[in-house]
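One structure is given here, and the rest of the page talks about it.
The values are calculated or read from the model by the stated rules, or taken from the named source; none is laboratory data. Because the structure is predicted, anything quoted here is derived from the model rather than measured. We place every Cβ from the backbone using ideal geometry, glycine too, and count neighbours over all the protein chains shown. For the accessible areas, the whole protein counts, side chains as well, though only heavy atoms, and no ligand, DNA or RNA atoms are used. Shrake-Rupley method; radii C 1.70, N 1.55, O 1.52, S 1.80 Å.
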Amino acid sequence: MSPGARRVSLRSPQISAPILANPPAQAGSGFSVLVAVAVLLPFWIPRPLMTGELSFAFAMPFILAFWALTQPAWPGSFRRALHGRYGRGLWLEALCVCVVMMMAFMSMLVSPVPLRAFRVILPMTYAICALILFSRMPSHLQRRMVFALLFSGVLVFGIAIGLSQTGWGRSIVMRDYRFLAFFEKPNQLGVAVMAVWPLSIALLLNARTAMPRLLCTIMLLVLATAIFMSGTKTALALGFVSAALTWLYHGSRSGSLDKTLFKLSVILCGIAFAVPATLWVLSWASPDFFRRVNSILTYGLWEFPSMQTRDMVWKESIQIGLDHPLLGEGAGTRVYRYAHSHNMFLDYFRGMGVFGLAAAVALVLSAVSRGANFLLATLPKGQVDRESDTIVAGMYLGAIFYLIGNQLSDSFSPTTAFLFWIMYLGAYFTAPPLNSVARPPLNLVKRPVGQPSTSGWAPRARRPGSNLQDAAQPV
């Protein structure tokens with residue numbers, strides 16, 4: 001590759017590579033998938049692994065990161081991921097992580113319970129672990145890691161739903177009428193499902209034969225049952241919206257205007273039909289949950305007792321943050337009897353002051369802008385790489401809606417935070433930027449007609465005539 005060709009690039013957001021294409025044959029690939037699923041199982045069953053307030057599942061990100069450090073990798077892969085080789089890297093996310101960790105440690109000086117700061121520190125250290133994991137893995141293993149996270153969750157939820165049908169099993173995975181699976185609270189379960197729900201929708205939309213469609217449908221039914229049985233209103237609403245957006249994105253990528261308008265009309269009609277259908281299924285599957293939803297629809301959201309409780313907690317959190325604007329009251333401390341403020345921004349403001357709040361806002365805006373940028377940039381491509389783009393869009397939407405759920409039901413809990421980092425960084429690493437294709441000087445080539453294809457842009461194997469420096473590496 002000539003120096004002139006290397007200097008010429010298009011400044012574009014990330015465009016996905018065809019991650020559904022068959023990678024080169026790998027020895028023991030089926031076994032590696034099973035190993036990945038088994039490794040990620042503890043993330044979905046933290047409560048049985050608890051010892052005091054610490055779960056053995058919390059150690060799994062560190063184990064995976066240590067394993068990644070023992071594997072061969074391109075020199076400087078971690079640095080390239082931070083700086084970005086062809087566009088904005090992950091430096092802003094890394095900066096937000098460092099600021100939150102620094103403020104959490106500083107808040108321990110004024111906190112009445114200093115050790116509870118690790119409730120905030122652990123989710124941020126998971127970002128470093130996930131970054132090490134992805135930056136040192138080849139592209140086909142990155143995809144398997146993300147998919148294995150979804151498969152392991154579906155496996156655990158399926159077993160838990162089966163246990164809920166027996167007396168002794170119900171006492172393990174249920175609390176009253178609300179499905180817990182193996183989480184501490186139903187809200188944690190709902191937020192966890194939000195991280196993988198759009199990806200499961202994307203897999204179903206891309207299934208082309210009977211067997212994949214059957215398997216994807218089963219996965220979707222297991223996750224939907226977990227949402228319904230959990231009684232989590234936030235997960236129900238966000239799950240409906242994220243599924244509609246995934247479907248809308250995939251349907252709008254048809255090859256012509258008339259097909260696009262027709263599919264958009266079908267999608268809108270489907271959404272209009274899905275609302276009463278969902279309520280009917282809810283009234284049958286979980287009558288208590290349906291009564292709660294019906295009460296909200298009848299009397300309004302803010303008249304519901306749980307929202308009144310949140311309103312009280314939010315007001316108290318704002319007041320505490322205003323009283324301690326620099327260091328906060330202490331990262332991870334309780335407000336009233338609750339472990340967090342049921343809002344990530346307010347929880348960080350109350351616990352770590354304005355700097356912790358600024359870091360949280362920057363992290364959320366960065367994730368939302370990167371995901372939205374990807375969706376808008378790939379829409380004009382039509383059917384080119386639509387399958388692979390939908391998969392990456394499902395990862396980004398899962399990460400974004402996980403963050404939205406953290407503004408209502410949780411506050412970036414260490415129980416579920418690694419799911420966000422896997423989805424977000426997985427989308428980033430499996431979607432190489434458009435300008436990762438080096439182009440010769442523009443005066444030497446004819447301008448291509450139509451939308452560029454991403455086929456073959458992701459590194460798969462070393463090509464003849466290439467060298468280590470010129471090989472593309474996802475960053």
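Of the whole protein surface, LEU322 contributes about 110 Å² of accessible area at a 1.4 Å probe radius.
Accessible area ranking (1.4 Å probe, heavy atoms, ligands and nucleic acids excluded), largest first, for VAL392, VAL113: VAL113, VAL392. Each residue of the range 261-266 was assigned a 3J(HN,Hα) from its phi angle through the Karplus curve 6.51 cos²θ - 1.76 cosθ + 1.60 (θ = phi - 60°); the sequence is 5, 5, 5, 5, 5, 5 Hz, with glycine and proline shown as x. Excluding same-chain neighbours fewer than eight residues apart, the lysines reachable from LYS185 by a Cα-Cα span under 28 Å are LYS233, LYS315. On the principal axes of its alpha carbon atoms, the range 85-234 extends 51, 45, 24 Å, with the longest extent given first. Counting heavy atoms of the protein chains alone, GLU329 has an accessible area of about 50 Å² for a 1.4 Å probe. Residues in the range 354-372 near a label at VAL110, defined as backbone nitrogen under 20 Å from the 7 Å Cα→Cβ point? Residues 354-361 fall inside that zone. Accessible area of PHE240 (1.4 Å probe, protein heavy atoms only, ligands and nucleic acids ignored): about 70 Å². In plain terms, the chain from ALA73 to VAL33 could stretch by 12.4 nm, reckoned as 0.36 nm per residue minus the Cα-Cα distance. Estimated from the Cβ-Cβ distance and a Förster radius of 41 angstrom, the FRET efficiency linking MET312 and ARG88 is about 0.55.
Taking label positions 7 Å along the Cα-Cβ direction at both PHE56 and LEU264, the computed distance is 5.3 nm, reported to one decimal.
Expressed in Å, the radius of gyration and Dmax of the Cα atoms of the range 311-412 are 17.2, 54.
Extension gain, ALA237 to SER283: 0.36 nm times the residue separation minus the Cα-Cα distance gives 15.0 nm. Taking the charge dipole of the range 55-194 about its Cα centre, with +1 at Lys and Arg Cβ atoms and -1 at Asp and Glu Cβ atoms, the residue from GLY153, PRO186, TRP74 reaching farthest to the positive side is TRP74.
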